[in-house]
Amino acid sequence: MSTTLKEPQNTPALPREIIRGSMSARKKARGNRGGRSLLAKGEPMLWLTGGGLVVAVVMIIALLTLVIIQGAVTFWPKPVVQFTLKDNTIYMGEVTRDDTYKPEPGVLNSLPADVQADIAANEGWAHRELVRTGNFDLTNTHFHWVEDFNSQGQTLPKWATVIERNSWGRFYGMPKSFLIDGKVVADTPQAAWAEYIKYHDEVRERWHERRGLEKHDIGRESRKVDHARLEMKSALLEHGKDSAEYREAQANYDAIEAQVNVAYAKIREEINALNAENDRYQLVMETAQGQEKQLGLAEIVRAYPANQLGLGGKISLYLSRWWEFLSDEPREANSEGGVFPAIFGTVAMTLIMSVLVVPFGVLASLYLREYAKAGPMISAVRIAINNLAGVPSIVFGVFGLGFFCYVVGGTIDEVFFKASLPNPTFGTGGLLWAALTLALLTLPVVIVSTEEALAAVPGSMREGSYGCGASKWQTIRRIVLPRAMPGVMTGAILAMARGAGEVAPLMLVGAVKLAPELPIDGVYPFLHAQRSFMHLGFHVYDLGFQSQNAEAAKPMVFTTTLLLICIVAFLNLFAIWLRARLRRKFVSSQF
Amino acid sequence: MSKFRSIVAAVCAVVLMAAPAFAQVSVDPNLPDYTPVSGVVGNIKSVGSDTMNNMMTLWAEGFKTMYPNVQVEIEGKGSSTAPPSLISATSNFGPMSRATKSKEDDAFEKRFGYKPTQLPTSIDMLAVYVNKDNPIEGLSFPQVDAIFSKSRKLGMASSIDKWGQAGLSGAWGNAPISLYGRNSASGTYGYFKKHALGKGDYRDSVKEQPGSSAVVQGVASDKYGIGYSGIGYKTADVKAIALSKEEGGKLIPATPEYAYSGDYPLSRFLWLTVNYKPGSQLEPLRKEFIKYIFSKQGQLDVVKDGYYPITAQIAKKALASVNIHD
């Protein structure tokens, strides 16, 4: 009994192996030395740990490569191919994908014998291509599969032109003629194209001007009316229907409405003038099937003769599409156009969340580490915080919806925005509530990393500070916190990365499919924290699962994902840079 | 269904231009043109059907070009989310892909004292999709029931698990059927259950998807898949099969002419639910938005989204039900 107790029971296996291995090596130079000494050198563990790292790195790189490649090629212009099928049907468009497959026996049997023999010679495999044919307004479809055995051949028509439009998706066709005021001024593809180049920029400029008028000038006027209406309603709620205040507010409202109506009429006139000027210019296109379609120049976002583009033209087109993607609003139920509101919403929400979570988390961990006396209570709190990090994020979403939106927001509406009820102001999902919900979600990350950083500050420094007569708070403020700052920043970085990529809770507390109004703009009070917002993560979900034109939306999913990864990386780099600066500052202050 | 049939039967105006090579749906020329008025401001907040999500977005985008200062927020997570948010006033429009249930009507009435008003905005065909390579022509309702449901209320003796049991031969005969469907908050889920499964329960093996487009993409990537979704979500990778109501009945393909004639067994209206106090006047924002939906422009957006527009008579009736007469 006593001898077994004397055995060093909890000696780890590896040192014992080393001892035994070296002993046996001394005793016998032969035998199974190889295996033992391998263990002794620790190489299996090296391989295991190294292998773990390699698997992780390979997975990350593979995922990133997939996203980058798929995301980057989305905007690269492809040639426009014209297919003529055996039954003389013509399809013209961009080839988006191809597929090698085994045709079904039923399909196979209906084919001519020579084609059947060809396929049989190929072990039953056939090839087909998915062609984006566009022209949804004429054909009600976006895509067609073209089987190689069904096609007579393919050509690259010289004047095949891709037109990206404000609505109805892409148009593929040949320029036929150009109309000004209904008169034909050009009737060959080349001449029509030259006219298009000549007039398109100025027409689009007028179109943007019109959009500016609609957005800013009309917006300003209707806000006046809205304001007066709310004042009238407040007066009604506060003083009753027969009061002098209500009558005054009503008169005021009528006056403002009359005034605004005059302004409206004036702006409308300007808009109509711009529209009329733009409507003068029409491009007539002919589809590959011979249908004619007249397109107003203002409707055309971008057009290019795809098969005539050189490398320079392709690059400039590629960049212009990226620019539109980054800077413009979405069109066509989000499947086209840009994602600027989503970028803005993601960044604004992440920043507001960081501003909320970091001070709160630092204060909490300061108390836990510096003031509180260790005991069961504090351990319980720590365990609770760590467990909070494991709660599914959707639960935070439900809490945010129930508590922030309905309870807090509903109360705010009752007290401050009574006039606009039943339309909720704060009592529904919005930027503020989303940021608060995510702040709760990321709180454990900040608390844990701040606590670690505080614990790493040597006790001797605190004692030195106390020795000089500093109080507890002075010590924390001057000695401990500056030293712990890089650790706090690490927590903030982790929190931001987690928050920016989170989608599930946001779906409940404010991220929506379409909200072109930015939460920050030039209208008083500038930050509209109650507004719903668009989020890149939610945009990915929406494009991937809810888009009507799923095939066309798929590449956009990758592009949006790429953008989201870039934004998270950028935010992280910024925080890392900040941390490095803080570290440097701290090091220099030592001397 | 019966409501749909009766309205369609009452309105015989079939508005279809079927050019030989381009089956093209066009809007009723008798629909009114929408002309903007002044004084429309506020917030359009729509919560409801996922099937109508894109259509609501298109309507909102179109409406915004006329009233740039109107704010728009659209959420689409399923028809069942529409009545609760109308009741709690967190939304002012509730798009739904099915009629309200009596339970929902009661809850609404308890809060406001009247029932919610539903306007038929467009026509959808709920299509049963299979992979593009699947040679199947069509299925009868009892067959569909035996494929999707474990209760088999429509009377098939045994369940259908393999494509062979649905009439395919060769390599397809032994291939297992893989099922795709919607989640239970969806109106499409409820509609399909009620009309194609005789209110029977779905099988546990149905893969529930978060969106209509996800069902179509599931079927597109699964050679032996079958699923149901709105016709607007059809892509080149799937095939909408023909359906018949009875075993051995005439198979009706999912094309617009059969939606208008009412012969296609799963055609339905897509509804817009609003909180309208009978006899009152809607405030300008909701009134104008509804007018926009029932105008030529609004119905053109319906075509854009792949659904079928309603006729001028249905539009007139719908507008009259919320006291809009001009």
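Just so you know, all these numbers are worked out from the coordinates, no wet-lab data involved. These numbers were taken from a predicted model, which means no experiment stands behind them. Here the Cβ positions follow ideal geometry from the backbone for every residue, glycine too, while neighbour counts run over all protein chains shown.
Quick notes
- Mean Cα-pair separation over length for chain A, i.e. relative contact order, pairs under 8 Å, 6 or more apart, %: 13
- Counting only Cβ charges, +1 for Lys and Arg and -1 for Asp and Glu, the dipole size of the protein assembly as shown around its Cα centre is about 4200 debye.
- Relative to the longest principal axis of the Cα atoms of chain B, helix B:102-112 runs at roughly 20 degrees.
- Global form of the protein assembly as shown, assessed from the alpha-carbon gyration tensor, a/c cut-off 1.5: oblate
- Phi-derived couplings, Karplus 6.51 cos²θ - 1.76 cosθ + 1.60 at θ = phi - 60°, listed residue by residue for region A:334-345: 6, 7, 9, x, x, 10, 3, x, 6, 4, 4, x Hz, with x used for Gly and Pro.
- Our note on the geometry: Cα centres of region B:35-75 and region A:188-254, 15 Å apart.
- Label zone at B:Phe112, where the point sits 7 Å out along the Cα-to-Cβ direction: region B:251-281 residues whose backbone N lies under 13 Å: B:272-281
- Reachable aspartates and glutamates from B:Lys132, criterion Cα separation under 18 angstrom, eight or more residues apart if same chain: A:Asp98, A:Asp99, A:Glu104, A:Glu129, A:Glu147, A:Asp148, A:Glu551, B:Asp222, B:Asp237
- Ranked list, fewest to most other Cβ atoms within 10 Å of each Cβ, for A:Cys566, A:Cys405: A:Cys566, A:Cys405
- The percentage of C-alpha pairs in chain B whose separation is greater than 32 Å is 29%.
- Each of B:Ile123, A:Ile479 was scored by other Cβ atoms within 10 Å of its Cβ. Arranged with the fewest first, they read A:Ile479, B:Ile123.
- Couplings 3J(HN,Hα) for region A:471-479, derived from phi with the Karplus relation 6.51 cos²θ - 1.76 cosθ + 1.60 (θ = phi - 60°), are 7, 4, 5, 4, 4, 4, 5, 9, 10 Hz, where x marks Gly and Pro.
- Distant-in-sequence amide H partners of B:Ser244 (H built 1.01 Å from N, under 5 Å): B:Leu139, B:Ser140, B:Phe141, B:Ile252
- Neighbour net charge for A:Thr490 - beta-carbon separation under 10 angstrom, K R +1, D E -1: 0
- Difference of contour (0.36 nm per residue) and Cα-Cα distance, A:Glu238 to A:Ala455: 72.4 nm
- Counting 0.36 nm for each residue step from A:Ala263 to A:Thr49 and taking away their Cα separation leaves a gain of 69.8 nm.
- Working note: Karplus 6.51/-1.76/1.60 with θ = phi - 60° gives region A:451-458 the couplings 4, 4, 5, 5, 5, 7, 6, x Hz, where Gly and Pro are set to x.
- The orientation-averaged projection of the convex hull spanning the C-alpha atoms of region A:194-279 amounts to 6.0 square nanometres.
- Straight-line reach from A:Lys266: taking Cα to Cα under 18 Å and skipping same-chain neighbours fewer than 8 places apart, the lysines in range are A:Lys215, A:Lys224.
- Here region B:125-267 is described by how far its Cα atoms reach on the three principal axes: 36, 30, 28 Å, from widest to narrowest.
- All lysines inside 18 Å of A:Lys78 as judged from Cα atoms, apart from same-chain residues fewer than 8 positions distant: A:Lys158, A:Lys314, A:Lys554
- Size descriptors for region A:275-415 (Cα atoms only): Rg and Dmax, in that order, 27.6, 85 Å.
- Taking A:His528, B:His325, B:His195, A:His142 and counting other C-beta atoms within 10 Å, the order from fewest to most: B:His325, B:His195, A:His528, A:His142
- Shielding by other protein chains, A:532-539, mean Cβ within 10 Å: 1
- Dimensions of region A:82-220 along the principal axes, based on C-alpha atoms and rounded to the nearest Å, stand at 68, 38, 19, largest first.
- Region A:323-390 and region B:214-249 have Cα centres lying 42 Å from one another.
- Counting Cβ atoms of other protein chains within 10 Å of each Cβ in B:34-41 and taking the mean gives 4.
- Shape of region A:438-477, Cα gyration tensor, a/c cut at 1.5: oblate
- Degrees, to the nearest 10: B:187-196 long Cα axis against longest axis of chain B: 50
- Positive-end residue, the protein assembly as shown charge dipole about Cα centroid, Cβ charges, pick of A:Gln190, A:Val488, B:Pro210: A:Val488
- Total charge dipole magnitude, chain B, about the Cα centre, Cβ charges on Lys, Arg, Asp, Glu only, Debye to nearest 20: 660
- Our note on the geometry: Cα centres of region A:512-530 and region B:101-129, 32 Å apart.
- Checking the Cα-Cα distances for A:Lys86/A:Lys198; B:Lys45/B:Lys245; B:Lys115/B:Lys193; A:Lys241/B:Lys296; B:Lys245/B:Lys277; B:Lys110/B:Lys193 against a 31 Å cut-off, the pairs over it are A:Lys86/A:Lys198; B:Lys45/B:Lys245; A:Lys241/B:Lys296; B:Lys245/B:Lys277.
- Of the residues B:Pro176, A:Phe149, A:Val107, the one whose Cα sits farthest towards the positive end of the charge dipole of the protein assembly as shown is B:Pro176 (charges of +1 on Lys and Arg Cβ, -1 on Asp and Glu Cβ, taken about the Cα centre).
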